[in-house]
1. With region 178-285 as the region, which strands (runs of 3 or more DSSP E) entirely inside it contain at least 1 residues that are open to solvent by 20 Å² or more (accessible area, probe 1.4 Å) and away from the ligand (no atom under 16 Å from the Cβ)?
2. With the requirement that a residue be modelled with pLDDT under 95 and not in a strand (DSSP E or B), what does region 341-390 give you?
3. Go through (1) open to solvent by 30 Å² or more (accessible area, probe 1.4 Å); (2) in a strand (DSSP E or B) and name the single condition V143 misses.
4. Of all residues in region 370-391, which are open to solvent by 50 Å² or more (accessible area, probe 1.4 Å) and β-branched (V, I, T)?
5. In region 407-433, what count of residues is obtained for those that are modelled with pLDDT of 95 or more, farther than 30 Å from V357 by Cα and open to solvent by less than 60 Å² (accessible area, probe 1.4 Å)?
6. Go through region 111-129 and count every residue that is in contact with a Ser or Thr (Cβ under 9 Å, 6 or more places away or on another chain) and either at pLDDT 95 or above or surrounded by fewer than 18 Cβ atoms within 10 Å (Cβ to Cβ) (or both).
7. If T310 passes every condition in (1) without any contact (Cβ under 8 Å) to a residue 12 or more places away in the chain; (2) open to solvent by less than 40 Å² (accessible area, probe 1.4 Å); (3) not acidic (D, E) but one, which one does it miss?
8. Any residue at all in region 299-321 that is closer than 19 Å to D394 by Cβ and either assigned to a strand (DSSP E or B) or in contact with an Asp or Glu (Cβ under 6 Å, 6 or more places away or on another chain) (or both)?
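The values are calculated or read from the model by the stated rules, or taken from the named source; none is laboratory data. None of the values given here were measured: they were computed from a predicted structure. Glycine gets a Cβ as well: all are built from the backbone with ideal geometry, and neighbour counts include every protein chain shown. Side chains are part of the model used for accessible areas, which takes the heavy atoms of the whole protein and leaves out ligands, DNA and RNA. Shrake-Rupley method; radii C 1.70, N 1.55, O 1.52, S 1.80 Å.
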Amino acid sequence: MKACVLTWGCQLNEHRSEEIEGLLQAAGYEIVSRPEEADVVILNTCMVRQRAEDKVIGRLGELWHLKKLRPLVIGVGGCMSQGRKEELLRYPAVDFVFGSANASEIPGLIERAMRGERPVSLPRPDRMERLPVRRRSPYQAYVTIAEGCSHSCAYCIVPFVRGPLRSRPMGEVLAELRELAAQGYKEVTLLGQNVDAYGLDLRDGTDFASLLREVAKLPIPRIRFTSSHPAYMTPETIAAIAEGPNICEHVHLAVQSGSDRILRAMRRGYTRERFLRIVEALRAAIPGVNITTDIIVGFPGETEEDFEQTLYLIREVGFGTVYVAMYSPRPYTPAATLPDDVPPAEKKSRLEAVLEVTRRIAQEINERKLGKVEEVLVEGYLQGKGFYYGKTRDMRTVLFPGEEGMVGNFVLVKLERATPGAIYGEPVKEPVA
Ligand code: SF4
């Protein structure tokens, strides 16, 4: 039987799909990349914004047409199923529904669906499953260090659909990393809703700083981590990032707004001033660190003046990249009870204003790097453009002419031309093994 896993949402979901593929492969399925070739299609969904849900519903419509042509079993899992529950059965394409923390049940649910049932299994997302992993890259890997979140930002559905913070024991995380080191992985990204809150639920002194110190001893050239929350970023963690030779100089620190009034309404748990002090401490400890962030525009009650404070903060910090989204009310969240009073057109123009400012800043930052020679991990080849591409340690995208066999290796590239989204360069002849 052939199975295809479709993924929406964050890197945690991307990695969860690698686990679902590993589980199905271990159960004897052949993994294919297109639903058209599959007997079973699994949708691993996201519910962080309405748009993510709309995309899944659109895909279910397409799959329904495929299903009318031949036998096809379709299962929906992940955050949207944990949030929308049995509602998903109203889509005729759906044969079974599973949650965000019980993927191990999928093979059994497929068998029940093939017997004509439409099972729904949605246990409380309060467990950590260890599933076989079918990694999609032989040189870059994800490792989930914690699931769920116990912070309750007013707009966020994550605590409801992914459950409370559950950190993996450090020994287990390090064992998985040692395996990856032994397999020659060049880059590993540690994943969690708030990686810097890692260990707080273990109550045994484990924390993110101590994990980073151990990880820094492993023979893996590059270690990345995402996403960090300002409320949990400690001086110990900043020191561990700075002193870890393989810990990359990039920190994704989600700020969401530059207005203290809105940060309070969002229940983020820090002030603008506190955020600026963390940025200062990061820059003092890690020269050239690339700080990227998330911004929500149009949160209920956000005035023009609040928004100006967000734009001002973006200019003041000079983020390398800003991921901006328009506020989208989510069910069950405290903010869902507030009037969504910022008009859609206003949300759109605020989003465009953020994109405009961040594009200008990114251009300036990338121009400052011109003339330098930087190490790039080659990730692929852009057919249309005829360029290889990859990332520097501080998470800048670099495009350059290259040759067969470079993918998965480090090369030195002289940076020559800057755009907001990428830097163009020339490889310096002696590749770094
Ligand atoms: S920290 Fe806030 S935004 Fe992030 S996952 Fe938790 S509740 Fe959501």
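1. Values: elements: 187-191, 222-226, 250-252.
In region 178-285, the matching strands (runs of 3 or more DSSP E) lie at 250-252.
2. Listed by number, the residues that qualify are Q383, G384, K385, G386.
3. Failing condition for V143: (1).
4. If we filter region 370-391 for residues that are open to solvent by 50 Å² or more (accessible area, probe 1.4 Å), which is where we start, we get 370, 372-373, 375, 381-385, 387, 389.
Listed by number, the list holds a single entry, V373.
5. Residues meeting the conditions: 6.
6. To start, the set of residues in region 111-129 that are in contact with a Ser or Thr (Cβ under 9 Å, 6 or more places away or on another chain) comprises 120, 122, 125, 128-129.
Now drop any that are not either at pLDDT 95 or above or surrounded by fewer than 18 Cβ atoms within 10 Å (Cβ to Cβ) (or both), which leaves 120, 122, 128-129.
Residues meeting the conditions: 4.
7. All conditions are met except number (1).
8. Let us first name the residues in region 299-321 that are closer than 19 Å to D394 by Cβ, namely 314, 317-321.
Filter again for either assigned to a strand (DSSP E or B) or in contact with an Asp or Glu (Cβ under 6 Å, 6 or more places away or on another chain) (or both), leaving none.
Taking every residue of region 299-321 in turn, none turns out to be closer than 19 Å to D394 by Cβ and either assigned to a strand (DSSP E or B) or in contact with an Asp or Glu (Cβ under 6 Å, 6 or more places away or on another chain) (or both).
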